[in-house]
Amino acid sequence: MMLIDGKKVSTDLKNELKTRVEELKAKAGCVPGLTVIIVGEDPASQVYVRNKAKSCKETGMNSTVIELPAETSQKELLGKIEALNQDPDVHGILVQQPLPSHIEEYAVTMAIDPSKDVDGFHPENVGQMVLGNLDKCFISCTPFGILELLRRYDIETRGKHCVVVGRSNIVGKPMANLMLQKLRETNCTVTVCHSATQNMPELTRQADILIAAIGRANFITREMVKPGAVVIDVGINRIEDPSRKSGFRLAGDVDFDNVAKMTSAITPVPGGVGPMTIAMLLKNTLQSFARSHNL
Ligand code: GUN
């Protein structure tokens with residue numbers, strides 16, 4: 001069994017990005033800038049946003065975090081986004097999800113200029129991605145990070161059966177679409193499972209590459225995995241653990257302790273897909289900057 005070390009790959013990638021930022025800075029006289037908006041005080045979101053800002057600075061990019069109270073109106077939020085759309089120093093705009101229930105996610109997605117939508121959530125980016133025009137869009141950071149892991153670990157994907165469990169707009173849907181495309185790290189036959197799927201273990205057991213993006217701790221058990229499969233665990237679930245100072249620990253969507261030994265390769269949680277998501281966000285921000293300066 002090979003452990004896919006997302007922490008290491010993300011560090012390598014961030015070092016590469018840092019070099020690239022320096023090169024572009026010499027040409028353009030300025031650096032890429034990412035602005036993250038967080039509305040309310042969801043504790044997990046606060047951790048993610050802090051990590052995004054920290055990584056941004058580590059690679060030499062500018063990072064701004066706008067913290068808005070939970071009561072912020074949709075109109076106010078859309079006004080902030082519009083100002084960022086117009087700001088030439090802002091190359092990436094990210095509004096952290098989940099949003100308070102009185103704010104419509106769709107309205108927010110639509111408000112972000114597609115050329116600054118480093119999350120890849122805008123329909124223009126999703127559409128170009130589905131069409132396979134990957135040089136004309138931003139790819140959603142988590143699926144993009146998984147492609148990068150498959151590529152850097154040289155995992156054979158061509159003609160393999162990839163089963164994606166989960167159909168969210170952020171992970172499951174873009175992931176399944178990408179695995180279908182004709183890239184070196186994709187080119188799979190793809191099945192998507194979800195909460196209404198019948199006989200799910202029968203399907204997941206057929207997976208050469210199993211991607212778990214359900215959001216339920218330890219959902220994928222031993223009986224659901226084919227021996228020798230490559231397993232990618234997208235889950236970051238907080239489960240109670242009184243022995244920890246924080247009161248919780250992180251668990252993936254895969255029952256790692258029982259599944260890992262039967263796989264050919266697996267991502268751990270933490271230290272697998274999670275760090276890659278941030279690295280790809282930075283890659284997208286750099287890409288946005290390079291496009292805006294015709295570099
Ligand atoms: N919440 C969890 N993951 C993400 C992400 O990739 N982007 C945004 N904007 N919010 C998230």
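Any residue at all in the stretch 38-50 that is closer than 27 Å to residue 22 by Cβ, within 13 Å of the ligand (Cβ to nearest atom) and in contact (Cβ under 8 Å) with a residue 40 or more places away in the chain?
Initially, the stretch 38-50 is screened for residues closer than 27 Å to residue 22 by Cβ, giving 48-50.
From what's left, within 13 Å of the ligand (Cβ to nearest atom): 48-49.
This time we only want the ones that are in contact (Cβ under 8 Å) with a residue 40 or more places away in the chain, so: 48-49.
Looking for residues that are closer than 27 Å to residue 22 by Cβ, within 13 Å of the ligand (Cβ to nearest atom) and in contact (Cβ under 8 Å) with a residue 40 or more places away in the chain, one finds at least one in the stretch 38-50, hence yes.
Of the residues making up the stretch 128-186, those that are among the aromatic types (Phe, Trp, Tyr) and within 15 Å of the ligand (Cβ to nearest atom) are 138, 144.
Taken as a whole, the structure places residue 223 among residues that are open to solvent by 70 Å² or more (accessible area, probe 1.4 Å) and touching a Pro at 6+ places or on another chain (Cβ under 7 Å).
For residue 238, the conditions (1) under 30 Å from residue 56 (Cβ atoms); (2) within 21 Å of the chain's Cα centre (by Cα); (3) in a loop (DSSP other than H, G, I, E, B) are fulfilled apart from (3). Would the stretch 196-207 turn up any residue that is without any contact (Cβ under 8 Å) to a residue 40 or more places away in the chain, crowded, with 17+ Cβ neighbours inside 10 Å and hydroxyl-bearing (Ser, Thr, Tyr)? No, the conditions are met nowhere in the stretch 196-207.
Within the stretch 241-271, if we keep just the residues that are small (Gly, Ala, Ser) and in a strand (DSSP E or B), the residue that is nearest to residue 225 (Cα to Cα) turns out to be 265.
As a summary of the residue check, residue 257 satisfies the conditions (1) free of Cβ contacts under 8 Å to residues at least 12 places away in the same chain; (2) in contact with a helix residue (DSSP H, G or I) (Cβ under 7 Å, 6 or more places away or on another chain) except for the one numbered (2). All conditions in (1) surrounded by fewer than 19 Cβ atoms within 10 Å (Cβ to Cβ); (2) outside any strand (DSSP E or B); (3) within 24 Å of the chain's Cα centre (by Cα) hold for residue 214, with the sole exception of (1). For the stretch 63-96, a tally of residues being surrounded by fewer than 19 Cβ atoms within 10 Å (Cβ to Cβ), under 23 Å from the mean Cα position of the chain (by Cα) and outside any strand (DSSP E or B) returns 1.
Can you tell me which residues in the stretch 27-62 are part of a helix (DSSP H, G or I) and over 24 Å from residue 103 (Cβ atoms)? It would help to see each step written out before you state the result.
First, pick out the residues of the stretch 27-62 that are part of a helix (DSSP H, G or I): 27-28, 43-58.
Of everything in the stretch 27-62, those that are part of a helix (DSSP H, G or I) and over 24 Å from residue 103 (Cβ atoms) turn out to be 27, 28, 54, 55, 56, 57, 58.
Going by what's in this entry, would residue 203 be described as part of a helix (DSSP H, G or I) and among the aliphatic types (A, V, I, L, M)?
yes
So which helices (runs of 4 or more DSSP H) are wholly in the stretch 105-186 and hold at least 2 residues that are open to solvent by 60 Å² or more (accessible area, probe 1.4 Å), out of contact with any strand residue (DSSP E or B) (no Cβ under 6 Å at 6 or more places or on another chain) and over 20 Å from residue 37 (Cβ atoms)?
Values: elements: 105-111, 123-131, 141-152, 172-180.
Here the list reads 123-131, 141-152.
When you look at residue 158, is it modelled with pLDDT of 95 or more and of a type in the set (Lys, Arg), yes or no?
Values: modelled with pLDDT of 95 or more: yes; of a type in the set (Lys, Arg): yes.
Yes; evaluated as a whole, the condition is true for this residue.
Out of curiosity, is residue 22 away from the ligand (no atom under 16 Å from the Cβ), more than 20 Å from the chain's Cα centre (by Cα) and either open to solvent by 70 Å² or more (accessible area, probe 1.4 Å) or free of Cβ contacts under 8 Å to residues at least 24 places away in the same chain (or both)? Yes; evaluated as a whole, the condition is true for this residue.
The values are calculated or read from the model by the stated rules, or taken from the named source; none is laboratory data. All figures in this text were calculated on a predicted structure; none of them were measured in a lab. Reconstructed Cβ throughout: ideal geometry from the backbone, glycine too, with neighbour counts over all protein chains shown. When the accessible area is computed, the model is the full protein with side chains, heavy atoms only, and any ligands, DNA or RNA have been set aside. Shrake-Rupley method; radii C 1.70, N 1.55, O 1.52, S 1.80 Å.
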